[in-house]
Structures are given as structure tokens and as C-alpha cells.
């Protein structure tokens, strides 16, 4: 596969949030605010790239019997690292994300990527794919957060929007509103791709592969 | 088997590397994270004590006033932070205040944590920063509302508690502060209903400080007599009284005060005459200006008219109403001290809806209540209208001021 294709796949065709519907938990939790969504996306991006790099580099040293242990060790290691660094240098972002920052460790996007991509591809390809997926994850979160924060709270990145602030749709701030917006954005992506979500998502994958 | 051993070794190495990396990161970030956490927890306190490092709640002393709800000590001994809750007569809601007071007895910071009526309150609380218990640097002549009185009292409560506990020492009150505290007693006509003197500083050669009252009722001066500060007050009738800073009447620069301010006092004369005529109702009457009336109420001038049947006394009055707006009235009394006419010069319904909303639908009916009353038959309930307290307090004050002035005239006769 061409390098650009590897990179772009995670952003559009296999967007983890909007197409593969991975990591739906943080998607619903942090998308009431675009800043939180961006921080979440970037934190996941960093962990994803670093862990894909390590897992891919070590894939020949660590056999399949040990892969889950190694993958989890590496991913949680980087999550802890990011958590410490954010706590020290971005305390506000750290407060905003709270427990969901820690929960990146069990995010399906990462576990899936480690198994499906990093263990099966060359280091450089894995990193490229991680970059694409990370950016796709960030964009997906951002898209959902954009709708939820602007219409649900009448603000953008915490800054009040004159007219909309008076006509908030507070349902969008709650979990059901999160599902609603996620569904609508997914429908939009499906319409652009001109294919049902599950079909595009699965098209390039072998049967039986876990979606985590 | 060989592969498994290789994998196990590799996994162990990865494990060690990850742990090492985390340990190093933790070593560098842990203190910073701790600092951030502390800063977040202290944010509310740091706002009122910017130099504060840590805060711990301490038990309220036994003498704690009801206003103080929580007391905290700055852990490095810089001072105290108190959380206060007070109510003002004006607002239905409580006012939440956080104040930081250093061990040097100076206010380091103030925060209003909750209050409904901030519109007429504004920046006033922040003027307290840097003041000690004497509140010298506070503009004592401003902040007329109930809100600021409630605020001031809550702050003073805190100071008194800490002083009584020996935590801080008392601030030295300046002559101006002592004077302002004295004025509600020695010159009530210079103060609004909250007891705050409303003065305008003026030029006064020979005096340390000279002020005109904001409602043309007279003058106040601070002067130095043989090393002692003397407060002199002069009313609208040219009567001068002098006091020391403890409020005892003393001999002082009576003539100097009189000659310095008499000229200024004259500027009201024309206006007073005009309004006195209107209140009396007979343009052809011959008015005699009253002088040397020993009354320090809200009277800006007075006249007598002698007719064949009676002698009438007309007093011009200015009082402070809502938001310290001046309200001007004229009261006519007969020789028996009975109110013959009560006339408002400035429209009484300064804040119309507010006044009428509270049961005062008919201004004429309200004012006619004062006809025929004497000092003995008058009761404050006639004037005071609940919910329109500023305006009706001013009306009440005007009637008392008229009676006081009348009494002084009679005593002089």
C-alpha cells in the first residue's frame, strides 16, 4: 500500500470514531467541549504513535504468546507518561479529561491498532498509520464536540457565542445527545463515502478480525 | 521453547525500561503536579492572600461573631482568611465575602463570593485592600448603600474578632476616620440614613482639612490647635461647635470657621427664600431669616413670618435619599410647633415605581399625613414606607430636623 494511503486510511476511510466506532466511551464523555476533545485526541495521538513505534520495533523479539502482555505494558506505560506530563505542564487539560485520560489505556483504537497494524507492519508504516488514526480520532472527537458545544452549550472553547447562548439545546450535553450527534455525524460521513458505515469499515479487513 | 524464552527476556527488558522511564518522569513531574494540586486547592484563598503558601482551617474562636463562618490560617504564618456571610437590609440574598488579613493587621485581599445586588456596589469592596482595622484609607464618605454598610460591618466584625484574640493589633485611626465616626452624633445633618457623612472637600486656608456637607447643611473643618486636632462643625445658621477627637466639646477656632465659611453659606440664600415662599404660600409675606439656631439636623436655612394671628417658622431641608440623591423639602410650623405645611421641592417620587409598588399609591395622601402633627404626636411610622426605605427615611429625617430646629429657635427665644 502507498504511504499516503496508509496515512489517510485512519483519517477518512477508517476513521476510528466515525467509521469504526472505536473508543465510543471517551467520545461521548469528552465531546461536550471542543478543547477537551482536542486534548483527548492529541493525548491519544501521542500514545498511539509512540506505542505503535515500540510494538512494531519489538514485534520480532516478542512472540505471539506474549503480545497482549507486551502491548498492554507499552500502551499503559505511555499513557502513564502522558498523564504525568499533562498533570505537570497542562494541569487544566488534565482536570478537564480526568479519568478519561487514564482510560486511553483501554481504548479500542489503541488496542486494535497495536494488534492489527503494529504487529503486522514495518515500523515506519505503523507510525504512519498511527499518525493517521490519531489525527482521525482527534478530528472525529472534534467534529462531534463542535456540534455539541456550540448547539448544546452556546459556546466555542468556553467562549460564549452571542445568539446561541440564549437558545441552548441542553439535551446535547447529556449522554443521549452525545449518541444523537455521533449518529448524525456518522451518517454524514457515510453519505460522503456513499457506503453504509459497517461496510466501509470492514472492507479492508480480513474476516474474524477483532474490532475491539 | 527457545522463542518463549526470548520473548520472556524481551518482555522483562521492556518492563524494566518502561518502569525506569516512568520513574524518571515521575521524579521530575511529581513535585510540579503536587504544586499544581495545591495551587488549585488554594486558588480561592490565594485570591485574597496572594503570597499565601498553604491554608488550614482553624476552629472559630469563642468570640467569633455570627458573620464569620470559617476561619483559615496561612500555614507559613502570613495571616488569616475568613469566610463571612452577612445580609443587608436591602437585599433578600446573603452576601458571601472572603477576606484575607495579614498578621500585620492589613487586608491583603477581598472577594465577594455571592451577592445579588452588585449593581450599586461595584468596586467598593476592593477599596478595602491595604486597609487595617482603622479603615483609614477607605473613602468613608462614599458607599452610601446598605450593601456597603453590611460589607463594612462584616469586615469590622472580623477585625474585632482577630484583635480580641490577639492575632493582630489594632490599626491607628486617622483624624479623618475619627471625625467621620463622630459626625452622625455631632452633625447628623451631614450624614445619610446609614450614618455615613457625605462631605465634599473644599479649600480652607488655616485648616488641615475643610469640607462642605453634600446637602448644603453646613461645613466641617479639621484644624490643629496647640498640637491637638480639633473638629469644628458649622450649621446653616452659622452656629459653630468644636470637638476633640474623642467627641468632647472643646473651645476651638469658632471665629475662624465662621469667617471662612459664612461667605460660602450665602450661596443658598436665594434658593432658600424662593422655596420658603412657595411653602408658606403668600408671596407678599415678610420673611425674616433665622440665625444662630443651634440645630445640626438636615436644615439648610430657616425663616420666620409674623402675622396678626400667629408666628410661622419655615425650614428649608435637604436630605440624602436613594443612592444619596438629594431630596429637598420645606416645612412650615406654627408657633406651637404644629406642622402647617409640608412641601417637597424635588419630586418625592424620585424612584417612582419603587415607591408606589410598596403601597404608596397616593403621594398627596402620604404628605397630608404630616399636616397638623407636632413633635409629640408624630411617629416615625407615618413616614416610613417599607420597601422604599431610602426615600421615606429621608422624609422622616426631614420632619425630625424641622422639629429640632423649631425647638432650638424656641429655646433661644
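For this structure, a couple of remarks:
- For the peptide A:90-101, the mean number of other protein chain Cβ atoms found within 10 angstrom of a residue's Cβ is 1.
- Sites residue A:8 and residue B:16 - FRET efficiency at Förster radius 60 Å, r taken between beta-carbons, to 0.05: 0.95
- Working ranking of peptides B:240-249, A:129-138 by packing, defined as the average number of other Cβ atoms within 10 Å per residue, highest first, is A:129-138, B:240-249.
- As a length-normalised measure over Cα pairs under 8 Å and 6 or more apart, the relative contact order of chain B settles at 8 percent.
- Sites residue B:249 and residue B:274 - FRET efficiency at Förster radius 30 Å, r taken between beta-carbons, to 0.05: 0.30
- Across the range B:175-264, Cα pairs under 8 Å and at least six residues apart give a relative contact order of 18 percent.
- Relative exposure of B:58, B:399, A:72, B:155, judged by other C-beta atoms within 10 Å (fewest first): B:58, A:72, B:399, B:155
- Helix axis angle, B:146-164 relative to chain B longest principal axis, alpha carbon, degrees: 60 degrees
- Value of [θ]222 nm, deg cm²/dmol, for chain B, DSSP H segments ≥ 4, -39500 (n - 2.57) each, nearest 500: -11000 deg cm²/dmol
- For the protein assembly as shown, a/c is not less than 1.5, where a ≥ b ≥ c are the root eigenvalues of the C-alpha gyration tensor, and a/b tops b/c. That puts it in the prolate class.
- In nm, spacing of pseudo-spin labels at residue B:62 and residue A:124 (7 Å Cα→C-beta vector): 8.3 nm
- Measuring between their Cα centroids, the range B:232-288 and the range B:170-230 lie 16 Å from each other.
- Inter-chain shielding of A:51-62 (mean C-beta neighbours from other protein chains, 10 Å cut-off): 2
- Here B:179, B:161 are placed in order of increasing Cβ neighbour count within 10 Å, fewest first, which gives B:161, B:179.
- Most to least packed among A:38-47, A:184-193 [average Cβ atoms within 10 Å]: A:38-47, A:184-193
- Helix axis angle, B:269-280 relative to chain B longest principal axis, alpha carbon, degrees: 70 degrees
- Neighbour-count order for B:342, B:115, fewest beta carbons within 10 angstrom listed first: B:115, B:342
- Extension gain, residue B:6 back to residue B:225 (0.36 nm per residue minus Cα-Cα distance, nm): 68.8 nm
- Cβ crowding within 10 Å averaged over residues, with A:54-64, B:67-77 ranked highest first: A:54-64, B:67-77
- Estimated FRET transfer efficiency when R0 is 30 angstrom, pair residue A:102-residue B:27 (beta carbons, to 0.05): 0.90
- Relative contact order for chain A: 35 percent, from Cα pairs under 8 Å spaced at least 6 residues apart, divided by residue count.
- Acute angle (nearest 10 degrees) that the helix A:67-89 long axis makes with the longest principal axis of chain A, alpha-carbon atoms: 40 degrees
A short reminder: the numbers here are calculations on the coordinates, not readings from a lab. If you're wondering where the values come from, they're calculated on a predicted model, not measured in any experiment. No Cβ is skipped: glycine too gets one built from the backbone with ideal geometry, and neighbour counts run over all protein chains shown.
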